[in-house]
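The structure under discussion appears below in the form of structure tokens.
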Amino acid sequence: METFWYLGAIAVAAAATLTMERALWTAVNRQGEAQARAKRIARTAWWAVALLTAVIAGLSFELRPHLADTFLKPGWGCAFPTLAMAGLIGVRLWDHKETELLTFFSSTIYVCGMITSAVVGRVI
């Protein structure tokens, strides 16, 4: 049953992440009301992404108790979750300025960090 909740959280987090990413892409490529609406959507999606990232991390360590060792063993494994968190924080930090491209870049870093974290957590 725990796996069901885990997969469900990942699916919802993926949808929220894609919503945030596409809204930020729209904010980069549009002006005026479309850009403002895209930024509002991205801000709302960011909260869902942040919450679901914490939920997924908690469930991951519960389902695989030795996961922390997996990230620490190669010495560089913890770089990927750090990259994901830096990207997520960057989205929030640059959101209030006229730096749509940096905000979008931060969300891309978050996605890359999450994907590589999943790979490292599974493979190593």
Original post:
Rounded to the nearest 500 deg cm²/dmol, what is the calculated helix-only ellipticity per residue at 222 nm for the chain, with -39500 (n - 2.57) per DSSP H run of length n ≥ 4?
Top reply: -29500 deg cm²/dmol
Subject >> Net charge contributed by nearby residues that have their C-beta within less than 15 Å of E100 (K/R +1, D/E -1) >> reply: +4
Original post:
Using a Gaussian network model of the chain with C-alpha springs under 10 Å, which one of L102, L72, L52 is most mobile by mean-square fluctuation?
Top reply: L72
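Counting Lys and Arg as +1 and Asp and Glu as -1, what is the net charge of the other residues whose Cβ lies under 12 Å from the Cβ of Q31? Please report the intermediate quantities before stating the final value.
Working: positive: R30, R37, K39; negative: E33, E98, E100.
Result for the local shell: 0.
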Original post:
What are the ³J(HN,Hα) values, in whole Hz, obtained from phi via the Karplus relation 6.51 cos²θ - 1.76 cosθ + 1.60 with θ = phi - 60°, for each residue of the range 103-116 in sequence order, with x given for Gly and Pro?
Top reply: 5, 5, 4, 5, 5, 5, 5, 4, 4, 4, x, 5, 5, 5
Original post:
Among (1) -0.61, -0.91, -1.24; (2) -0.61, -0.83, -1.04; (3) -0.53, -0.81, -1.17, which is the computed log10 I(q)/I(0) by the Debye sum over Cα atoms at q = 0.14, 0.17, 0.20 Å⁻¹?
Top reply: (2)
Original post:
In sequence order, what are the phi-derived ³J(HN,Hα) couplings for the range 77-89 according to the Karplus relation 6.51 cos²θ - 1.76 cosθ + 1.60 with θ = phi - 60°, rounded to whole Hz, with x for glycine and proline?
Top reply: x, 6, 5, 6, x, 5, 4, 4, 5, 4, x, 5, 5
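Would you mind getting me the FRET efficiency between F61 and L101? Use the beta-carbon distance for r and R0 = 35 Å, nearest 0.05. All intermediate terms of the calculation are to be shown ahead of the outcome.
Details: r = 34 Å, r/R0 = 0.98.
Using R0 = 35 Å, I get an efficiency of 0.55.
Just so you know, all these numbers are worked out from the coordinates, no wet-lab data involved. Just so we're clear, the structure is a prediction, and the values are computed from it rather than from any experiment. With ideal geometry, Cβ positions are generated from the backbone for all residues, glycine too; neighbour counts draw on all protein chains shown.
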